[in-house]
Amino acid sequence: MAHILVIDDENDICKLIERALAKDGYTVTTKNSAINLTAQDFKAYDLVLLDVMMPEVDGFSLCRSIRGAVDCPILFLTAKTMEQDMIDGFSVGADDYIKKPFSLLELRARVAAHLRREHREHHQSLTQGIFRLDLSAKEITVEVASGTSEKILLTKSEYAICEMLVRNRGQVFSLEHILETVFGFDTESDIAAIRVHIKNIRNKFSKYTENPIKTVWGVGYKWR
């Protein structure tokens, strides 16, 4: 079973989460501080639950510092629920938010959903124009010159949205449909998270080309 790391400065919350996730058979390690943690310390974990508001080293700063070398899902635990806070979190590499106070059923469902996504197998690549999706590595590269490509740094959730749209190029999907397809019917996420992910994807693609994700007003989004 998966090994999960919980980082929260409130020890009671850590113990509560540990007991809840242990019921699902997960191994859980808890820490009350992010001080002196490096990317290497995260290699043993399959998923990280990370509190945003911590003294000395906050969740945003830690996620930003390790994301380039850590590819497991990172879920923020936070009472900060404004859209700008979500944008900030996703922009530094978070895959999802769990809003405090949360129910243990919600917590377990979110964790299970992200771990299921991690275990899906991919065996091919997709090419769409100047973009190539490596379905095994879960990466997108863009051709910047003849024979030269660059990798676009996407979070797992951002990549999953792109893959879903590329696989169904030209078809329009509502925010609700994207949410259910990417995160599953049992997800506790909401469409606001999808809207923020798409905004971040567009910002990352804008460096290379006209954005491939088109808004169809009143309906949803599609890959051009």
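The values are calculated or read from the model by the stated rules, or taken from the named source; none is laboratory data. These numbers were taken from a predicted model, which means no experiment stands behind them. Cβ: placed from backbone, ideal geometry, glycine included. Neighbour counts: every protein chain shown. Side chains are part of the model used for accessible areas, which takes the heavy atoms of the whole protein and leaves out ligands, DNA and RNA. Shrake-Rupley method; radii C 1.70, N 1.55, O 1.52, S 1.80 Å.
Database remark: amide H of Leu135 closer than 5 angstrom to the amide H of Gln124, Ser125, Leu126 (H placed geometrically; neighbours at sequence offset of 5 or more, or on other chains; Pro and chain starts carry no H). If R0 is 25 Å, the Cβ-Cβ spacing of Ser136 and Asp190 corresponds to a FRET efficiency of close to 0.25. Estimated purely from DSSP H runs of n ≥ 4, each contributing -39500 (n - 2.57), the mean residue ellipticity at 222 nm for the chain is -11000 deg cm²/dmol once divided by its residues. 3J(HN,Hα) along segment 63-73: 4, 4, 6, 9, 4, x, 10, 10, 10, 6, x Hz, from the Karplus curve 6.51 cos²θ - 1.76 cosθ + 1.60 with θ = phi - 60°, whole Hz, x for Gly and Pro.
Percent of Cα pairs in segment 38-170 per distance bin of 10 Å, from zero to the largest separation: 11, 37, 34, 15, 3, 0.
Between amide H atoms placed 1.01 Å from N, distances below 5 Å from Val6 occur with Thr29, Thr30, Lys31, Leu49, all of them 5 or more places distant or on a separate chain.
Take every Cα pair under 8 Å whose residues are at least 6 apart in sequence, average their separation, divide by the length of segment 129-183, and the relative contact order is 23 percent. Ordered from longest to shortest, the equivalent ellipsoid semi-axes for the chain are 30, 19, 17 Å, each the square root of 5 times a Cα gyration tensor eigenvalue. Summing charges over neighbours of Glu176, with a neighbour being any other residue whose Cβ is under 12 Å away from its Cβ, gives -1 when K and R count +1 and D and E count -1.
Relative contact order, whole percent, for the chain stands at 14, derived from Cα pairs under 8 Å and 6 or more residues apart. Taking the longest Cα principal axis of the chain as reference, the axis of helix 156-167 is set at about 30 degrees. FRET efficiency for Lys207 and Thr29, Cβ-Cβ distance as r, R0 = 41 Å, nearest 0.05? Computed FRET efficiency for Lys207 and Thr29: 0.65.
On the basis of the beta-carbon distance and an R0 of 35 Å, Lys214 and Ser125 show a calculated FRET efficiency of 0.95. Using modelled backbone amide H atoms (1.01 Å from N, in-plane), which distant-in-sequence or interchain residues come within less than 5 Å of Val144's amide H? Here Ser149, Glu150 satisfy the definition.
Here the accessible area of the chain is 48 percent carbon and sulfur, with a 1.4 angstrom probe and all protein chains present. Within the straight-line cut-off of under 16 Å between alpha carbons, the lysines reachable from Lys151 are Lys138, Lys204, Lys207, sequence neighbours fewer than 8 places apart in one chain being disregarded.
Residue-wise HN-Hα couplings along segment 211-217, as the Karplus relation 6.51 cos²θ - 1.76 cosθ + 1.60 with θ = phi - 60° gives them from phi, are 4, x, 8, 9, 8, 9, 4 Hz; Gly and Pro carry x.
Which stretch or stretches of segment 1-24 have amide N atoms under 13 Å from the point lying 7 Å from Arg116's Cα along the Cα→Cβ direction? Under cut-off, by backbone N: nothing.
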